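Peer 1: Below is a structure I'd like to ask you about.
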Amino acid sequence: MAKHPAEPFRIKMVEPIRLPSLEERQNAIIQAGYNLFAVPAEFVFIDLLTDSGTGAMSQKQWAAMMEGDESYAGARSYYKLKDTITKIFGFEYFVPTHQGRAAENILSSLLVNSKSQIPSNMHFDTTDANIRARGGRPINLVNENAFNISLVDPFKGNMDLSRLEDFISRTGPENIPFGCITITNNAGGGQPVSLENIQGVSEIYHEHGIPFFIDACRFAENCYFIKQREKGYQDRSLFDIAGEIFNFADGTWMSSKKDAIVNIGGFLAMRNKDLYQRVCNELILREGFPTYGGLAGRDLEALSAGLWEGLDEKYLEYRINQTAYLGERIKEIGIPIIQPPGGHAIYLDAGTMLSHIPQSEFPGQALAAALYLEGGIRAVEIGSVMFAYKDPENGEMIYPKLELVRLAIPRRVYTQSHMDYVIDILEVIYKNRKKYFGYKIIYEPELLRHFTARFELVKPQSI
Ligand SMILES: Cc1ncc(COP(=O)(O)O)c(C=O)c1O
């Protein structure tokens with residue numbers, strides 16, 4: 001057996017990439033107000049900003065796109081996708097959306113009001129913001145192990161069931177229009193949720209009459225982890241495991257830009273016909289007619305094919321091992337990461353690595369900027385830039401427990417030597433870590449500030 005599974009594909013078309021000079025990198029990041037979202041992609045060498053929509057489609061997906069039916073209503077491509085979604089997820093009703101947050105917006109606009117509180121293990125930023133935008137409160141009830149970075153727990157994405165029970169009895173089910181869980185838990189390290197936990201969450205929600213929705217962006221990676229780690233699933237197919245997971249839920253939404261390996265797309269699916277009808281009305285207002293959502297017929301085709309490919313066990317074996325390889329090597333350098341390595345990304349513990357930078361000066365932002373300046377690598381801060389907020393009652397800043405930087409790995413895009421390059425750059429940064437300073441925000445919007453905020457260095461730094 002080889003130590004690391006080789007890529008189960010070969011490369012038929014290449015996209016050249018280039019390491020910009022140090023001067024170009026310095027100019028680009030200054031122009032961007034030190035926000036890596038504002039750096040033009042041509043000035044990035046290895047782009048680990050996100051695994052969302054950045055995957056490489058297969059020859060089958062490209063071929064399927066040629067068969068896209070672009071009819072406004074009732075396109076063949078829609079029925080093909082409907083069939084795929086019913087087979088894999090088991091929901092009778094679904095609508096395509098242009099991406100995950102459009103589905104979150106529709107669900108929130110219909111169900112959330114100023115009294116609503118929505119529990120999950122951890123809401124991702126767009127889910128969090130869509131709930132807040134409707135006046136509701138997102139509540140994170142992941143188990144405490146999720147915050148113990150070095151603890152190796154196979155299912156660190158699990159929800160804390162007793163806190164969930166307690167939360168429901170304190171809040172009252174009438175104020176919880178739906179409950180959810182995110183698989184895998186992106187905001188908490190891409191960690192999986194066990195089937196046992198999903199069943200437990202489902203039972204609690206249902207005991208109280210609360211509809212249960214799953215944020216399914218990375219459901220296939222979660223299925224793979226269940227097969228590897230949960231007792232009793234070793235001989236089950238990933239398709240079977242997916243069926244079991246979604247059988248516990250009343251609905252799901254998916255940003256298909258992740259595990260369905262498409263560059264754009266998403267959907268919202270459910271069992272309840274009344275809700276579906278309301279969803280359709282909202283969809284027509286915001287996205288498009290219910291048989292295309294915000295997508296072209298060719299996108300629906302790529303999505304149907306990608307949903308099946310994303311569940312392929314050989315592909316997932318390579319993918320999860322590529323992430324683990326990156327994580328293990330980074331750990332060897334001495335850099336703390338969330339353990340064990342997650343499915344789609346490695347999360348560096350910037351708070352510990354750059355402990356001389358206080359949370360109010362964004363150590364994660366400092367590390368992300370260093371990765372770009374030193375090696376043209378783009379990553380994303382998942383810490384106080386993304387999640388700190390002012391307490392509405394007393395105006396004090398509430399900081400998240402962890403200051404992380406996420407290295408998200410696009411699907412089927414980078415090879416092992418790209419990973420080795422990232423490791424080498426991180427080694428340099430780690431050796432010189434004391435020379436990096438923090439940042440202050442000089443512009444921020446009200447919601448989702450990490451996308452457009454601008455920063456200034458707290459002290460000048462040289463590289
Ligand atoms: C867990 C999770 N939910 C929702 C979303 C939102 O999806 P989209 O970017 O397609 O709007 C993301 C995107 O990264 C995500 O990771």
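Peer 1: Could you list all residues from the stretch 358-367 that are on the phi < 0 side of the Ramachandran plot and buried (at least 24 other Cβ atoms within 10 Å of the Cβ)?
Peer 2: Of everything in the stretch 358-367, those that are on the phi < 0 side of the Ramachandran plot and buried (at least 24 other Cβ atoms within 10 Å of the Cβ) turn out to be Pro363, Gly364, Gln365, Ala366, Leu367.
Peer 1: Could you list, in sequence order, all residues of the stretch 271-290 that are under 24 Å from the mean Cα position of the chain (by Cα) and outside any helix (DSSP H, G or I)?
Peer 2: Glu287
Peer 1: Can I ask one more? Every residue in the stretch 141-163 that is assigned to a helix (DSSP H, G or I) and farther than 30 Å from Glu332 by Cβ, please. Step through it out loud before you land on a result.
Peer 2: Narrowing the stretch 141-163 to residues assigned to a helix (DSSP H, G or I): 144-147, 161-163.
Within the stretch 141-163, Leu161, Ser162, Arg163 qualify.
Peer 1: At least 3 residues that are at pLDDT 95 or above and within 15 Å of the ligand (Cβ to nearest atom) in each: list the helices (runs of 4 or more DSSP H) lying fully within the stretch 164-262 that qualify.
Peer 2: Numbers: elements: 195-207, 219-229, 238-247.
Here the list reads 219-229.
For (1) without any contact (Cβ under 8 Å) to a residue 60 or more places away in the chain; (2) under 28 Å from Gln191 (Cβ atoms), each residue gets a yes or a no:
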| site | (1), (2) |
| --- | --- |
| Ala388 | yes, yes |
| Glu403 | yes, yes |
| Ile442 | no, no |
| Ala453 | no, yes |
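Peer 1: Which of (1) in contact (Cβ under 8 Å) with a residue 40 or more places away in the chain; (2) in contact with a strand residue (DSSP E or B) (Cβ under 7 Å, 6 or more places away or on another chain); (3) among the β-branched types (Val, Ile, Thr) does Ile398 not meet, given it meets every other one?
Peer 2: Unmet condition: (1).
Peer 1: Continuing with this model, one more query. All but one of (1) surrounded by fewer than 23 Cβ atoms within 10 Å (Cβ to Cβ); (2) more than 14 Å from the ligand (Cβ to nearest atom); (3) within 21 Å of Asn197 (Cα to Cα) hold for Asn113; which doesn't?
Peer 2: With respect to (1) surrounded by fewer than 23 Cβ atoms within 10 Å (Cβ to Cβ); (2) more than 14 Å from the ligand (Cβ to nearest atom); (3) within 21 Å of Asn197 (Cα to Cα), Asn113 is out only on (3).
Peer 1: What are the residues in the stretch 270-290 that are touching a Gly at 6+ places or on another chain (Cβ under 6 Å) and buried (at least 22 other Cβ atoms within 10 Å of the Cβ), if any?
Peer 2: Taking the stretch 270-290 first, the residues touching a Gly at 6+ places or on another chain (Cβ under 6 Å) are 270, 287-288.
Listed by number, the residues that qualify are Met270, Glu287.
Peer 1: Then there's this: Quickly run through the stretch 179-201 and pick out the residues that are more than 20 Å from the chain's Cα centre (by Cα) and buried (at least 21 other Cβ atoms within 10 Å of the Cβ).
Peer 2: Across the stretch 179-201, the qualifying residue is only Val201.
Peer 1: Another question about this same structure. Name the residue, out of Glu104, Glu144, that is within 25 Å of Lys257 (Cβ to Cβ) and out of contact with any strand residue (DSSP E or B) (no Cβ under 6 Å at 6 or more places or on another chain). Let's see the steps before the verdict.
Peer 2: On the way: Glu144 fails: within 25 Å of Lys257 (Cβ to Cβ).
Of Glu104, Glu144, the one residue that is within 25 Å of Lys257 (Cβ to Cβ) and out of contact with any strand residue (DSSP E or B) (no Cβ under 6 Å at 6 or more places or on another chain) is Glu104.
Peer 1: Just to be sure before I move on: is Asn272 touching a Pro at 6+ places or on another chain (Cβ under 8 Å) and at pLDDT 95 or above in the structure I sent?
Peer 2: Taking the combined requirement at face value, the residue satisfies it.
Peer 1: Quick check: is even one residue across the stretch 165-173 of a type in the set (S, T, N, Q), surrounded by 16 or more Cβ atoms within 10 Å (Cβ to Cβ) and over 24 Å from Leu307 (Cα atoms)?
Peer 2: Within the stretch 165-173 (the criterion being of a type in the set (S, T, N, Q), surrounded by 16 or more Cβ atoms within 10 Å (Cβ to Cβ) and over 24 Å from Leu307 (Cα atoms)), the answer is yes, since at least one residue qualifies.
Peer 1: Only one residue in Ile46, Ile118 is under 27 Å from Lys273 (Cβ atoms), crowded, with 21+ Cβ neighbours inside 10 Å and in contact with a helix residue (DSSP H, G or I) (Cβ under 6 Å, 6 or more places away or on another chain). Which one?
Peer 2: Result of the check over Ile46, Ile118: Ile118.
Peer 1: Answer yes if at least one residue in the stretch 96-105 is among the hydroxyl-bearing types (Ser, Thr, Tyr) and surrounded by fewer than 18 Cβ atoms within 10 Å (Cβ to Cβ), and no otherwise.
Peer 2: no
Peer 1: For the stretch 22-73, what are the residues that are farther than 21 Å from Met419 by Cα and of a type in the set (D, E, K, R)?
Peer 2: Glu23, Glu24, Lys60, Glu67, Asp69, Glu70
Peer 1: Then there is this: Are there any pairs, at least 6 apart or on different chains, whose C-beta atoms fall under 7 Å, with the first in the stretch 173-191 and more than 13 Å from His344 (Cβ to Cβ) and the second assigned to a loop (DSSP other than H, G, I, E, B) and within 15 Å of the ligand (Cβ to nearest atom), and if so, which?
Peer 2: Every condition considered, the pairs that remain are Ile181/Asn121; Ile181/Val193.
Peer 1: Exactly one of these conditions fails for Tyr421: (1) surrounded by fewer than 23 Cβ atoms within 10 Å (Cβ to Cβ); (2) aromatic (Phe, Trp, Tyr); (3) farther than 21 Å from Pro20 by Cβ. Give me its number.
Peer 2: The failed condition is (3).
Peer 1: Starting from the stretch 123-145, keep only residues that are among the hydroxyl-bearing types (Ser, Thr, Tyr), then list their pairs with residues that are within 14 Å of the ligand (Cβ to nearest atom) and in a loop (DSSP other than H, G, I, E, B) whose Cβ atoms are within a distance under 8 Å, requiring at least 6 positions of separation or different chains.
Peer 2: Note: pairs meeting the criteria are Thr126/Leu448.
Peer 1: Confirm whether Leu268 is at negative phi and assigned to a helix (DSSP H, G or I).
Peer 2: Values: at negative phi: yes; assigned to a helix (DSSP H, G or I): no.
No.
Peer 1: How many of the residues making up the stretch 16-58 are more than 16 Å from the ligand (Cβ to nearest atom) and more than 19 Å from Asp259 (Cβ to Cβ)?
Peer 2: 29
Peer 1: Now for a different question. For Asp128, work out the one condition from (1) farther than 21 Å from Lys331 by Cα; (2) of a type outside the set (Ser, Thr, Tyr); (3) surrounded by fewer than 16 Cβ atoms within 10 Å (Cβ to Cβ) it doesn't fulfil.
Peer 2: Condition not satisfied by Asp128: (3).
The values are calculated or read from the model by the stated rules, or taken from the named source; none is laboratory data. Since the model is a prediction, treat every value here as computed from it, not as a measurement. Cβ sites come from the backbone with ideal geometry, for glycine too, and all protein chains shown count toward neighbours.
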